[in-house]
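The values are calculated or read from the model by the stated rules, or taken from the named source; none is laboratory data. Bear in mind that the values here come from a model prediction, so they are computed numbers and not experimental data. Cβ sites come from the backbone with ideal geometry, for glycine too, and all protein chains shown count toward neighbours. Each accessible area value is taken on the protein alone, full model and side chains, heavy atoms only, with ligands, DNA and RNA left out. Shrake-Rupley method; radii C 1.70, N 1.55, O 1.52, S 1.80 Å.
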Amino acid sequence: MIVGRPNVGKSTLFNRLTRSRRSIVGDEPGITRDRIEGQVEWRGRSFGITDTGGLLPGDEAEIPAAIFAQAQVALKSASAVVMVVDGRSELTAPDIELARLLRTSGKPVLLAVNKIEGRRAESTIGDFYQLGLEEVFPLSAEHGDGLDALLDRVIALLPAAAEAAADEPAVRETRVAIIGRPNVGKSTLLNCLLGEERSIVSPVAGTTRDAVDAVLIHGKTPYRFIDTAGIRRKGATHALAEKLSVVMARQHLERADLALVLIDGAAPEEGGVLALDATIAGYAFEAQRSCILVVNKWDAAQAMGRTQKELEQRVRERLKFLAFAPIVFVSARAGTGLPQLFAAMARVARERRKRITTAAMNRFLATVDFTRAPVPAGQRVRILYMAQVSLAPPQFVLFIDRARRLHFSYRRFLENQIRRAFGFEGTPILLKTRAGSRKHQ
Ligand code: GDP
Ligand code: GDP
């Protein structure tokens, strides 16, 4: 639902989002009087929006009672409210009053600071934090700038799609893929994990009879281990087994939140990390899953005189792209290291769904010393503002002062700073940029 005082650009925003011309745009205050409904399609989701046509608190005398009542109804059924203000003018008393009212509505309120074209976001946006609304989106409805970030946030606030809602359990389960090359100990680890607690085997809808997940509850968190039958299946030949392990990793990752990437700590070659390990771990990274590196057969590795320190060094060196993933040492056969593994799973599942408020994000941004970023001259950009727009995995949008791709060392620097400040253990972090001049569509 879109609210705001007259002339801030609500109709323009509505038309831009719905790509239609259903409401009348004009300079005369309050020209849009009807509550107008439209449909928005974004990233495969579809949702309705309502332009309330200048709902103003304390303005009942001027606004026909019927419209005021309609707006109240719209507010009740809305998943999110977008309050629009005019970024080119000072805040007015009605803006402040409206924000106050919306804050008490119990609905998520996103503040759209409109009419910010070009590079003006930086100087203007600070004032609008006065409204006490955490989530601020600078944009230009007329030019189409900044709408992606707003839409991304709106869809994150929508209730899950009906079919997803139906089989979603009350407590969110974490879907776990156990992946790794043949003989790293996937089946043994699975048996060991499932043996510890009571588990429920549940058939997967729409798949062959032998694709069976196992769900187990550990410390109140349900974990769904994907395709247990597949994990136990063995290839007849070495080559077939290798192929099967890759195919299964890819399939299982599709349905997973979290991948346990198994490494054989006792493998004779290359200190435990083989090319196939790197390939399989690479799929987990590409699929943007959260990862835990599980070094198995720690009993045998120890007997070979290996230390955790040297194994960790090896793993880090060969799997640099998974630097964000914690390493846990286990012995699936002896059943050791499981408490540490469960603890890591709980942490990583939580971090994947963590949300940082825009205010906290921008307080953090102000503390980052970007002069320390190892970036070639000419590649520097200024980040005006940033916000987390989605989670699982967490994704951030950076508003930068000019349209250019972030240099990868700049990206890495920023990612490291974000991790230092906020953690996000085990999960990839996605950074997207928006420049003032970039257009929507
Ligand atoms: P509403 O009364 O809130 O629905 O506002 P309108 O959508 O009718 O817009 C009011 C005026 O602001 C119109 O003249 C629009 O052309 C203008 N306007 C809307 N969005 C923008 C924008 O992003 N930039 C600028 N410069 N003007 C805008
Ligand atoms: P998968 O092919 O990845 O499913 O591997 P399996 O679970 O079938 O294990 C392959 C072999 O490694 C079997 O002989 C297991 O007994 C052995 N194994 C698994 N985990 C461990 C462990 O923690 N320590 C030792 N020493 N052997 C293990």
Exercise for the section: Could you give me the residue pairs with C-beta distances under 8 Å whose first residue belongs to segment 388-401 and is touching a residue at least 60 places away in the same chain (Cβ under 8 Å), whose second residue is of a type in the set (Asp, Glu) wherever it lies, and which are 6+ apart or on separate chains? Expected result: 389/152; 390/152; 392/257; 395/152; 397/148; 397/152; 401/122
Completion exercise
Residue hits (segment 283-297; at negative phi and either without any contact (Cβ under 8 Å) to a residue 60 or more places away in the chain or not in a helix (DSSP H, G or I) (or both)) are 286, 287, 289, 290, 291, 292, 293, 294, 295, 296
Exercise for the section: Could you tell me whether any residue of segment 275-285 is away from ligand 2 (no atom under 13 Å from the Cβ) and among the β-branched types (Val, Ile, Thr)? Expected result: yes
Practice task
Tell me which residues, restricted to segment 85-99, are of a type in the set (Asp, Glu) and open to solvent by 10 Å² or more (accessible area, probe 1.4 Å).
Solution key: 86, 90, 97
Exercise for the section: Can you confirm whether segment 334-345 contains a residue that is touching a Lys or Arg at 6+ places or on another chain (Cβ under 9 Å) and either crowded, with 16+ Cβ neighbours inside 10 Å or assigned to a loop (DSSP other than H, G, I, E, B) (or both)? Expected result: no
Problem - Residues satisfying the stated conditions in segment 307-333, i.e. open to solvent by less than 20 Å² (accessible area, probe 1.4 Å) and assigned to a helix (DSSP H, G or I) - result: 311, 315, 322
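Conditions (1) within 32 Å of the chain's Cα centre (by Cα); (2) not in a helix (DSSP H, G or I), marked per residue:
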| residue | (1), (2) |
| --- | --- |
| 276 | yes, no |
| 281 | yes, no |
| 299 | no, no |
| 305 | no, yes |
Problem - Residues (among the β-branched types (Val, Ile, Thr) and either modelled with pLDDT of 60 or more or over 26 Å from the mean Cα position of the chain (by Cα) (or both)) located in segment 169-211 - result: 171, 174, 176, 178, 179, 184, 188, 200, 201, 207, 208
Exercise for the section: Would you be able to say whether some residue in segment 227-238 is within 12 Å of ligand 2 (Cβ to nearest atom), open to solvent by less than 10 Å² (accessible area, probe 1.4 Å) and over 31 Å from the mean Cα position of the chain (by Cα)? Expected result: no
